Amino acid sequence: MSWSRSRRFLGSRVLVWGSWIGLLAAVTAGLLQLRPHLNDAHIALAYLVVVLGGGARSGRALGLTLAGLAFGCFDWFFVPPYGTLAVDKPVDWIVLVAFLATSVIVTQLFERARHEADAARSARMRDSIVASISHDLRTPLTTIKALAHDLAAGGDDRAEMIEAEADRLTTLVGDLLDYSRINSGTMPLAIEANEAEDLLGAALQQVTGAASGRTINVGLDPIHPLLFGRFDFTQTLRVLVNLIENAIKYSPSDTPIDLSAKRDGPWLSFGVADRGYGVAEAERERIFDPFYRPEGVAADATGAGLGLSIARALAEAQGCSLEYAPRDGGGSVFTLRVPAIDVPAPATT
Ligand code: ADP
């Protein structure tokens, strides 16, 4: 803050504090005129209005200062013997302490409510900034990609790189936009009954390209062959595909990937297991943080470290969960749990 701005800021604060302390003095003078007709409740209420007004308008520091001053005035002017801080009757102590406690507690509550409102406002602001920047970036990226495509057709090798980088940025911008949408609760979700087998089938189809030659085993629950759950098919497919692509990326190419679906109490649980290097214990929660990559993991051409954070946010937005666990015998298992639906057993004749 510049010197003149901080002076102006200080000046306005002194003015606000001065006004509220002046109001407290005026209320005290008014109450003093009426002292013979007033009891403790009238005085406590009049002072509380000033303390709470000051606290709500200017924050905890002013609220607590007004509470302390009002406590002193209450005791000095309205609790016998007048003109001293001494108190004759023990019951008057109770009134004074109750007044002080009420002022302090309500001032603190105001402060907390103010912080929560500020935090919610700044989260909303951050989401809308991300959303608008992402939107604005999309148009020039599309133009860059189109121009690079034309140049590549003319035989310029560097244009291919530009095109690939434009693609990478477009994916990142899309992911950022989605991440902010999911967190602000504006991602449209169609949560309905779906069958596990359909989801696994669609996921396998989508990863065919990336899987090139990898063995992917699918294990279905032998006890409950008909598995249904409640989830948004498209977004859950996206989560599962992301997990399978990660398993492909982070495990040796001669090891298989195991997909499974099974009933797990109230959940329908999907597992994606690999025989890769796993995730170190200290990193197991952090891999779900946006942009987090464990040390030594090189940034590759496809991801920006948003995949798992989007996957978990998408799962949680639909009342599901996504967890990591080390796999027995080495590797990783990611488990996605969605609410299961009971399907009546087919009638036997
Ligand atoms: P990205 O793959 O773009 O880095 P993700 O959010 O998908 O971003 O993953 C974050 C990090 O979690 C990865 O960089 C990787 O270190 C780790 N990770 C994800 N899946 C696996 C896996 N199957 N095995 C080992 N590490 C993994």
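The values are calculated or read from the model by the stated rules, or taken from the named source; none is laboratory data. Fair warning: this is a prediction, and the values are worked out from it, not measured in the lab. As a convention, Cβ positions derive from the backbone with ideal geometry for all residues, glycine included, and neighbour counts pool all protein chains shown.
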Would the stretch 76-95 turn up any residue that is modelled with pLDDT of 90 or more, surrounded by 19 or more Cβ atoms within 10 Å (Cβ to Cβ) and not in a helix (DSSP H, G or I)? yes
Within the stretch 212-246, can you find the residues that are within 14 Å of the ligand (Cβ to nearest atom), farther than 23 Å from MET187 by Cβ and of a type in the set (A, V, I, L, M, F, W, C)? ILE216
When LEU169 is run through (1) at pLDDT 85 or above; (2) farther than 22 Å from SER309 by Cα, the failure sits at (2)
Residues in the stretch 173-196 that are surrounded by fewer than 17 Cβ atoms within 10 Å (Cβ to Cβ) and in a strand (DSSP E or B) total 2
Can you tell me which residue among ARG230, ARG286, ARG312 is buried (at least 16 other Cβ atoms within 10 Å of the Cβ) and out of contact with any helix residue (DSSP H, G or I) (no Cβ under 7 Å at 6 or more places or on another chain)? ARG230
Every pair of residues 6+ apart whose Cβ atoms lie under 8 Å, when the first sits in the stretch 260-271 and is over 8 Å from ARG337 (Cβ atoms) while the second is aromatic (Phe, Trp, Tyr) and surrounded by 18 or more Cβ atoms within 10 Å (Cβ to Cβ): SER260/PHE270; ALA261/PHE270; GLY271/PHE334
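Against the definition (within 9 Å of the ligand (Cβ to nearest atom) and modelled with pLDDT of 90 or more), how does SER321 come out, yes or no?
So SER321 fails the test.
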Quickly run through the stretch 144-172 and pick out the residues that are in contact (Cβ under 8 Å) with a residue 24 or more places away in the chain and buried (at least 19 other Cβ atoms within 10 Å of the Cβ). ALA166
Does the stretch 226-239 include one or more residues that are modelled with pLDDT of 95 or more, of a type in the set (S, T, N, Q) and not in a helix (DSSP H, G or I)? no
Could you tell me which numbered condition ASP328 fails, if it satisfies all but one of (1) within 11 Å of the ligand (Cβ to nearest atom); (2) part of a loop (DSSP other than H, G, I, E, B); (3) among the charged types (D, E, K, R)? (1)
Based on what the data block shows, is ILE129 touching a residue at least 40 places away in the same chain (Cβ under 8 Å) and closer than 28 Å to ALA311 by Cβ? no
Restricting to the stretch 25-50, what's the tally of residues that are over 16 Å from VAL95 (Cα atoms) and crowded, with 18+ Cβ neighbours inside 10 Å? 3
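Quick check on the stretch 248-257. Is at least one of its residues closer than 17 Å to LEU308 by Cα, touching a residue at least 60 places away in the same chain (Cβ under 8 Å), within 14 Å of the ligand (Cβ to nearest atom) and crowded, with 23+ Cβ neighbours inside 10 Å?
No, the conditions are met nowhere in the stretch 248-257.
Given the criteria without any contact (Cβ under 8 Å) to a residue 40 or more places away in the chain and either under 23 Å from LEU15 (Cβ atoms) or touching an Asp or Glu at 6+ places or on another chain (Cβ under 7 Å) (or both), does VAL91 qualify?
In short, no.
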Note on the stretch 272-283: residues surrounded by fewer than 19 Cβ atoms within 10 Å (Cβ to Cβ), near the ligand (Cβ under 9 Å from one of its atoms) and under 23 Å from LEU237 (Cα atoms) are none
